[in-house]
Amino acid sequence: MNQIGLYGGSFDPIHLGHLLVAQAAYEELQLDKLVFIPAARSPFKPDSEPLEAHQRLRLIRLALAGRTEFDVYESEIQSGGVSFTIDTVRRFITRYPSARFIYLIGTDHIATLPQWKEAAALSELVEFAVIPRLGEQMVDSPVGFRCRFLRGFPIELSSSAIRDRIRAGRSIDLMVPAAVAEVIYHYRLYSSN
């Protein structure tokens, strides 16, 4: 494998915006594989309580069913605790020593890159692909970081908005893959009742 995209996040829940980002990155970067890396707990969301790991993994697997260009790396979510990108990237480099890695981030994370754990080492190991969000201004890359800006398919959709809609009893159809919606509805995931 020559070029692998790494896509970390809470995916709480995974939605069509995530899948469109993945598809855009896969095509624009000409990736051989794109790996979804669900975090057990994000260092950027210390107060959030994500859906249980096994449930988020189930939803991700359902969303990616039949998509052989996409994969799921389960180590972070199964190990629990706070997940750090540098640790995961090093595991991937050990596993695929000849591959080139590109890490997907949203424009909202560009400014925080120098604050990531072992940021200087991370900047040497991966290039960052920046995902545009509707209405956000593009910002400059921090010094020392290699960033490429994707065109993507920008849409206004977030996991938190989907959770809010579920709690309010509103439909999430057409926002998440049908199989994901079915499981969320059936098991009343994210419902406050």
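Based on C-alpha coordinates, I'd like the Rg and Dmax of segment 80-120, in Å.
11.6, 30
Using the Cα centre of the chain as origin and beta-carbon charges of +1 (Lys, Arg) and -1 (Asp, Glu), tell me which of S83, S191, P50 is placed farthest towards the positive end of the dipole.
S191
Which ³J(HN,Hα) values in Hz, rounded to whole numbers, follow from the phi angles of segment 135-149 under the Karplus curve 6.51 cos²θ - 1.76 cosθ + 1.60, where θ = phi - 60° and Gly and Pro get x?
x, 8, 7, 6, 10, 6, 6, x, 4, x, 9, 8, 10, 10, 9
Can you tell me the relative contact order of the chain? Whole percent, Cα pairs under 8 Å, sequence separation 6 or more.
Once normalised by length, the contact order is 26 percent.
Specify the residue with the greatest mean-square fluctuation among A63, A111, A24, computed from a Gaussian network of the chain linking alpha-carbon atoms under 10 Å apart.
Between A63, A111, A24, it is A111 that shows the largest mean-square fluctuation.
Keeping all protein chains in place, calculate the accessible area per residue for segment 1-47 (probe 1.4 angstrom), answer in Å².
Numbers: 1720 Å² over 47 residues.
Roughly 37 Å² per residue, with all protein chains present.
Could you go through segment 170-184 in sequence order and give the Karplus-derived ³J(HN,Hα) for each residue, using 6.51 cos²θ - 1.76 cosθ + 1.60 with θ = phi - 60°, rounded to whole Hz, and x for Gly and Pro?
So the Karplus estimates, Gly and Pro as x, are 9, 5, 10, 4, 6, 9, 10, x, 3, 5, 5, 4, 4, 5, 4 Hz.
Of the candidates A22, A53, A121, which one comes out as most mobile in a Gaussian network treatment of the chain with C-alpha springs shorter than 10 Å?
Taking springs between Cα atoms under 10 Å, the residue moving most is A121.
Regarding segment 145-185, what's the average projected area of the Cα-atom convex hull, expressed in nm²?
4.3 nm²
I'd like the carbon and sulfur percentage of the solvent accessible area for the chain, probe radius 1.4 Å, heavy atoms only, ligands and nucleic acids excluded.
C and S atoms contribute 50 percent here.
Report Rg/Rh for the chain, rounded to two decimals, where Rg is the Cα radius of gyration and Rh the Kirkwood radius.
We get a ratio of 0.95 for the chain.
Translational diffusion coefficient, Stokes-Einstein: compute it for segment 112-187 using the Kirkwood radius over C-alpha pairs as Rh, at 4 °C and 1.567 mPa s, and state it as an integer in µm² s⁻¹.
On the way: Rh = 15.4 Å.
The diffusion coefficient I find is 84 µm²/s.
Express the accessible area of segment 119-162 per residue in Å², computed with a 1.4 Å probe while the remaining protein chains stay in the model. Working shown, then result.
Details: 2590 Å² over 44 residues.
Averaged over the residues of segment 119-162, the accessible area is 59 Å².
Which three lengths, in whole Å and largest first, does segment 17-98 cover when its Cα atoms are put on their principal axes?
Here the spans come out as 36, 29, 19 Å, largest first.
Given H placed on each backbone N at 1.01 Å, which residues far from R100 in sequence or on other chains put an amide H within less than 5 Å of it?
For R100, whose amide H was placed from the backbone, the distant partners under 5 Å are Q3, I4.
Tell me which residues come under 5 Å, amide H to amide H, from R41 once H is placed; ignore anything under 5 positions away on its chain.
Long-range HN contacts for R41: S83.
The values are calculated or read from the model by the stated rules, or taken from the named source; none is laboratory data. The shown structure was predicted, so the numbers you read here are calculated from the model rather than taken from an experiment. Cβ sites come from the backbone with ideal geometry, for glycine too, and all protein chains shown count toward neighbours. Ligands, DNA and RNA are excluded from the accessible area calculation, which covers all protein heavy atoms including side chains. Shrake-Rupley method; radii C 1.70, N 1.55, O 1.52, S 1.80 Å.
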